[in-house]
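Below: one structure, written as structure tokens.
The values are calculated or read from the model by the stated rules, or taken from the named source; none is laboratory data. Bear in mind the structure is a predicted one, so any value in this text is a computation, not a measurement. Here the Cβ is made from the backbone with ideal geometry for all residues, glycine too, and neighbour counts use every protein chain on show.
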Amino acid sequence: MLIASLFVMSPANSGAGDFAGVYIQANGTVAGAELSGKYKDNDGVLTEGTAGKVFPLAGGEIGFNVPLGEVFILSVGYSQDPVGQQMGESNDAFDEADVRLTVSDVETTYGAIGFSIGEGQAFFVKYGEIEADIRCTVGATCPSGLSGDLYALGTKSLTSSGIYFTTEAGVADFDKMAITNLGKGNNGSIDADPNMAFGKFSIGYNF
């Protein structure tokens with residue numbers, strides 16, 4: 001709806017050149033993470049389940065824009081959200097396979113194609129590679145990090161002073177992971193498929 005409103009409200013002339021140059025911005029994000037997978041106990045019995053958490057992230061971003069004609073804008077950038085947050089939690093009936101998963105230092109390297117739809121107005125689609133450090137509950141063994149693909153779209157509004165605002169929504173599809181050393185006897189394991197959806201608001205400056 002936001003993208004459609006920009007088409008209606010923006011003047012006909014486009015200005016990709018308005019966005020040219022280096023940019024830096026501060027991000028505020030609300031993310032919802034989901035861990036769906038299977039737990040194998042000491043007897044080899046499989047149990048399917050899903051755990052998830054909604055959490056905030058905050059960080060910064062830097063990149064540059066290259067106009068491609070009067071309409072298209074190529075963007076390349078890097079973002080980091082260093083604050084650690086609990087991504088997921090699961091509990092079993094006997095507290096033998098409880099798992100709490102904390103994520104921190106979320107980093108994304110991305111490329112985006114923007115479309116100028118009027119003076120200081122654009123929308124964009126983005127693809128990136130996302131990585132994050134993770135930490136498990138004491139006793140459990142999990143990978144030191146997650147990696148995956150990020151897909152997003154958003155809008156950007158640029159003022160005459162160079163200050164701009166962006167809204168963005170997307171998903172991160174992380175690679176599958178295994179958590180081991182669980183349960184009585186430490187023979188249990190979880191094979192999980194983590195995913196994350198997010199909404200982001202940013203304020204920045206276009207040099």
For the range 129-207, list the strands (runs of 3 or more DSSP E) that sit wholly inside it and hold at least 2 residues that are at pLDDT 95 or above and under 30 Å from Q25 (Cβ atoms); which are they? 145-158, 163-174, 188-206
Output for Cβ contacts, cut-off 7 Å, separation at least six or different chains, first residue closer than 22 Å to G199 by Cα in the range 54-77, second among the charged types (D, E, K, R), reads L57/D81; A58/D81; G59/D81; G77/E61
Has the range 68-81 got any residue that is touching a Leu at 6+ places or on another chain (Cβ under 9 Å), at negative phi and either at pLDDT 95 or above or among the small types (G, A, S) (or both)? yes
